[in-house]
Structure formats: structure tokens, C-alpha cells
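Colleague: Got a structure for you, questions after.
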Amino acid sequence: MSAEQHAPESMTGYIKHHLAHLQVNQDAGIFWTVHLDSVLFKLALALLFVFFFLRLSRRATSGVPGKLQCALEMVVEFVDGVVKETFHGHSKLIGPLAISIFGLVFLMNFMDMIPVDWLPWAAQHAGVPYLRVVPTADPNTTFGMAITVFLLIQWVGLTHKGVGKFFGEFLTAPFHAEGGLMKVAMAPFNLLLRLIEEAVRPLSLALRLFGNMYAGELIFILIAVMTLGAGLNELMTWIMGPVQFVSGFIWTVFHILVITLQAFIFMMLTIVYLSMAAEHH
Amino acid sequence: MSLNITLVIQGLAFFAVVWLVMKFGWPHIIAAIEERQKKIAEGLAAADRAKAELAAADNKAAEEVKSARVKAAEILDKAHQQANQAIEKAKGDAITEGNRQLAAARAEIESLSHRAKEELRKQVSLLAVAGAEKILKREIDANAHKALLDQLASEI
């Protein structure tokens, strides 16, 4: 694409280009290929989040807070409320984890709100051929987070229950059996169900976020396609222009809800999973 | 990819959303934040006020206690004084009364002893006369003793 960027673009080419990642290390095989755009945007947003969070918490005053501190306090209080309602164990990890997930996922999703052509266009003029700005529309990002959460679930389960009980539950729950023979008979089913349950969690977490954000991005791209390659002297431009404006506007407004909701769901499910891992069956 | 109308319309739509949020969303958030700030400021001010009031009340209470103590001491002093006065007065009264009664008793004793003396004198003279009669009955020498008797009567 980058070589023929001044050629009139075809619709398929445009969409394909928009869905292509900036990849490096392609020679080493698919697995070792890095989506540099996802990585860099996620890193930048994480740094932004950490920077603001630390700065605000350093400056936090017990007196009358500033507006930004107030806003952060509201978010923290909200997340803390959710955590307290949902998670009944004691854990120093879960509050900070929840707010980090919420903040980071929200910021990454928010990249979807920025006009879909802006950053890629700027990047192209800076010599970068491909750029996808929404890290959460890349399954690598969402699976990365979901797998981290999955590992945390296991860790919380292990530390809250102890090794024996943790692995014992693989064989004794969810089907509780009375008597030695029944216990042995139920063990394979319990193990099977438990393995499926554990495997489904990170999968659903990652796919839900990825699916929503990917679909959102795709719809933004499709809206953009309406006036693709249009000239000011063509009638269709004047018809499709307003349509693109209105639909882009509506979808962006709707997307405010989606990105917040998806961030909230990711956080909420993480809390619920960790809570379930900490509780005894 | 070149700069075209698509990019511009995207930007317009984006700014329309920004405008929408600014117009209808942001004020609510800011209002909530400001209300929260106000509440916190009010709470802090109320706490300060309460602290000052408490200190003032403490001071006042201490002053009250102090003045009450002074008053109590005054009352105690006064009571002591009054008691002393009463005791002094009672003492004086008692002494006066005692003196009066003593004087009265003395006067009575005086008059009684006087009367007793008179009585005694009369009885002694009667006794003397009776004694004289008895002597006279044995020694009918009235003449011999007459001078003696007379002398006796005059002496008494």
C-alpha cells in the first residue's frame, strides 16, 4: 500500500490497509512477529495512565481536592465500591488491579474515538506505512491481558486456599460426592468441567473485548469508506458527505458507551473471577 | 492515502461529538466534581468551626469552674466569718448573761444572808433571854444580874 499511496484507493484496499498492523520481525515467523503499533500505543497509554495516577496520588491532599483529584477520586471510589461489593476475601492486589484494568482498557478503547484516518494519515506522512491505533482491537493485546488475569486467578486461588485444597477442588467440585467410590467416579467429570471453565474464562474475556473493539473500528472504517476517493466536483460526495458525517457522529456517540462499558466489563469480570478463585467451594 | 474529504468529515464528526460532550456531558461531570469539592470544603470548614467552638466551650467551662471556685471560696469565707461572729456573739451573750445571773445570785445571797443574820440575831437574843430566865429562876437575884442582862441586850 505504502508504495502506491497516491494512487486512487479501492475500497477493499483501503479497508485492508486499515486492518493491517505495523509489523516488525516478520522474517522470524508468525509467532515472533511483533505488532509494533499495538505495543507502542499500549505502552504509551500505560505510561500516560501511570504518570497521571502517580502524579495525582502524590499530590493528593486530604484538604479540598482539585478538580482532577476529585475526578480520580470518583473513579477510584466507584471501582473500590464494586470491588468491595463483589470480592469478599482480603487482597491487596485486587483494588489496584481493578483500577488499572479499567483505566488502561478505557484509554486503549478511547483510541477508537479518534477519527479513524487521522493517526494513520499522520503516520504515513512520517513514513510509517501501517498503523492501527486501537490496541484492544488487536487480539494479541486482549489475550495478553486475559492470560495475565488467568494467571492471577490461579495465583489468588493457590494463595487463598493452599496447594492441597486448590488442586483438590479440581477433582471434587462442582459435583460434590458422598462416599469414596462416588468421589472417584465423579473426579474425571469434575476435572473436565474445571478445565473447560478455566479455559473459557480468558478466552471469553479476550474475545469479548477484542470483538467489540474490532467491530467498532470496522464500522468506523466502513463509515469512512462512504466518501472514499471522492472529489468535490462529484454529486455523490455531496450526498454521502452528510451521511458520513451523521453516521460517524452517531457511531462515535454510541461508542462512548461501548468503550466505557467494555472497560467496565473487563474489570468486573476480573474481580468476579478472582473472587470466585478466592472463595471456597 | 492522501488527504481528502473523508478525513475532513471524520474530523467534523469527531468535533461534533466533542462539542456534544462539552455541551451536555462535561457540565454534569464538572457540576458533580464541584459539588463534591464544595461538600469537602464545607465539611472541613465545619470541622474547623466545631474545633474552634469546642476550644471556646472548653475555655468557657474552665472560666466557669474558676469563677465558681472563687465564689465558693468567698461563700466559705463569709460562712466562716458569720460562724465566728455568731460564736463571738454567743460567747459575749453568755458572758453577759452569766455575769447578770452571777450578780443576781450574789444579790440574793447577800439579801438571804442579811435576813439570816437578822433572824439569827433575834433568835440569839431570844435564846439569851430564855437562858437568862432559866438562870434567873435558879438564882432569883434579878438585881444582881440585871446590869449584866442589860449590857447583853444592848450589845446584841
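Colleague: For chain B, what % of the accessible area comes from carbon and sulfur atoms, probe 1.4 Å? Could you put the intermediate results ahead of the total?
Modeller: Working: 8020 of 12740 Å².
The nonpolar share, carbon plus sulfur, comes to 63 percent.
Colleague: Also, I was wondering about something else. Tilt of helix B:5-20 relative to the longest C-alpha principal axis of chain B, in degrees (0 to 90, nearest 10)?
Modeller: Computed tilt is about 20 degrees.
Colleague: Please report Rg over Rh for the stretch A:1-159, where both radii come from the alpha carbon positions and Rh follows the Kirkwood definition. Spell out each step's value before the answer.
Modeller: Details: Rg = 19.8 Å, Rh = 18.5 Å.
Ratio value, two decimals: 1.07.
Colleague: Within 10 Å of each Cβ in peptide B:63-71, how many partner chain Cβ atoms are there on average? Round it to a whole number, please. List each step's numbers first, then the result.
Modeller: Working: counts 0, 0, 0, 0, 0, 0, 0, 0, 0.
Per residue, the average neighbour count from other chains is 0.
Colleague: Another question about this same structure. Angle between the Cα long axis of helix B:142-155 and the longest principal axis of chain B, 0 to 90 degrees, nearest 10?
Modeller: 20
Colleague: Here is a follow-up. Express in nm, to one decimal, how much length is gained between residue A:236 and residue A:19 on full extension, taking 0.36 nm for each residue of separation and deducting their alpha carbon distance. Numbers along the way, then the final one.
Modeller: Numbers: separation 217, 0.36 × 217 = 78.12 nm, distance 2.57 nm.
Once the chain is fully extended between residue A:236 and residue A:19, it gains 75.5 nm.
Colleague: Give the average, rounded to an integer, of partner chain Cβ atoms located within 10 angstrom of each Cβ in A:237-243.
Modeller: Taking the mean over all residues of the peptide, I get 2.
Colleague: How high is the relative contact order of chain A? Use alpha-carbon pairs under 8 Å, at least six apart in sequence, and give a whole percent. Provide the component values of the computation, followed by the final result.
Modeller: Details: 274 pairs, mean separation 76.0, N = 281.
After rounding, I find 27 percent.
Colleague: Per residue of B:13-21, count partner chain C-beta atoms within 10 Å of its C-beta, then hand back the mean as an integer.
Modeller: Details: counts 14, 8, 2, 7, 11, 2, 1, 4, 4.
Per residue, the number of nearby Cβ atoms from other chains is 6 on average.
Colleague: Let me ask something else about it. Can you tell me which of A:199, A:71, A:224 moves the most in a GNM of chain A? Springs connect C-alpha atoms under 10 Å apart.
Modeller: Among A:199, A:71, A:224, the largest GNM mean-square fluctuation belongs to A:71.
Colleague: To the nearest 100 Å², how much accessible surface do chains B and A hide from each other in total, with a 1.4 Å probe?
Modeller: Working: alone 14260 and 16360 Å², together 27780 Å².
About 2800 Å² of accessible surface is lost on pairing.
Colleague: Now for a different question. Tell me which of B:8, B:40, A:35 sits at the most positive position along the dipole axis of the protein assembly as shown, charges placed on C-beta atoms (Lys, Arg +1; Asp, Glu -1).
Modeller: B:40
Colleague: Could you pull out every whole DSSP H run in chain A that spans at least 15 Å of Cα extent along its own axis and averages 0.0 or higher on the Kyte-Doolittle scale?
Modeller: Numbers: long enough: A:36-59 (34 Å, 1.41); A:67-86 (28 Å, 0.56); A:94-110 (23 Å, 2.03); A:139-161 (32 Å, 0.78); A:180-225 (65 Å, 1.22); A:235-278 (63 Å, 1.72).
Taking the DSSP H segments of chain A (at least 15 Å long, mean hydropathy at least 0.0), we get A:36-59, A:67-86, A:94-110, A:139-161, A:180-225, A:235-278.
Colleague: So if I take the centroid of the Cα atoms in the stretch A:108-147 and the same for the stretch A:20-77, what is the distance between those two points in Å?
Modeller: The stretch A:108-147 and the stretch A:20-77 have Cα centres separated by 14 Å.
Colleague: Could you calculate the FRET efficiency of residue A:196 with residue B:76 from 1/(1 + (r/R0)^6), where r is the beta carbon distance between them and R0 is 60 Å, rounded to 0.05? Before the final figure, lay out the partial values.
Modeller: On the way: r = 91 Å, r/R0 = 1.52.
Efficiency, rounded to the nearest 0.05: 0.10.
Colleague: Going through the cross-link list B:51/B:71; A:42/B:38; A:92/B:51; B:38/B:66, which pairs have a Cα-Cα distance over 32 Å in this structure? Please list the in-between numbers first.
Modeller: Numbers: B:51/B:71 30 Å; A:42/B:38 36 Å; A:92/B:51 35 Å; B:38/B:66 41 Å.
Violating the 32 Å limit, Cα to Cα: A:42/B:38; A:92/B:51; B:38/B:66.
Colleague: As a check on your grasp of the helix formula, calculate [θ] at 222 nm for the protein assembly as shown: sum -39500 (n - 2.57) over DSSP H runs of n ≥ 4, divide by the residue count, round to the nearest 500.
Modeller: -28000 deg cm²/dmol
Colleague: Ignoring ligands, DNA and RNA, what percent of the accessible area of the stretch A:44-186 is carbon or sulfur (1.4 Å)?
Modeller: For the stretch A:44-186, the apolar C and S fraction of the accessible surface comes to 72 percent.
Colleague: Grab the beta carbon distance between residue A:256 and residue A:154, set R0 = 60 Å, and tell me the FRET efficiency rounded to 0.05.
Modeller: Numbers: r = 35 Å, r/R0 = 0.58.
My answer for the efficiency is 0.95.
Colleague: Can you give the FRET efficiency for residue B:21 and residue B:69, using 1/(1 + (r/R0)^6), R0 = 56 Å, r = Cβ-Cβ distance, to the nearest 0.05? Don't skip to the end; give the middle numbers.
Modeller: Numbers: r = 68 Å, r/R0 = 1.22.
Once rounded, the FRET efficiency stands at 0.25.
Colleague: Return the whole-Å distance between the Cα centroid of the stretch A:212-281 and the Cα centroid of the stretch B:2-53.
Modeller: 23
Colleague: Along Cα→Cβ, 7 Å out, is where each label goes; now give me the distance between the ones at residue B:47 and residue A:10 in nm to one decimal.
Modeller: Computed distance between label sites residue B:47 and residue A:10 equals 6.9 nm.
The values are calculated or read from the model by the stated rules, or taken from the named source; none is laboratory data. None of the values given here were measured: they were computed from a predicted structure. Using ideal geometry, Cβ is built from the backbone for each residue, glycine included, and neighbour counts are taken over all protein chains shown. To get the accessible areas, we keep the full protein, side chains included, count just its heavy atoms, and leave off ligands, DNA and RNA. Shrake-Rupley method; radii C 1.70, N 1.55, O 1.52, S 1.80 Å.
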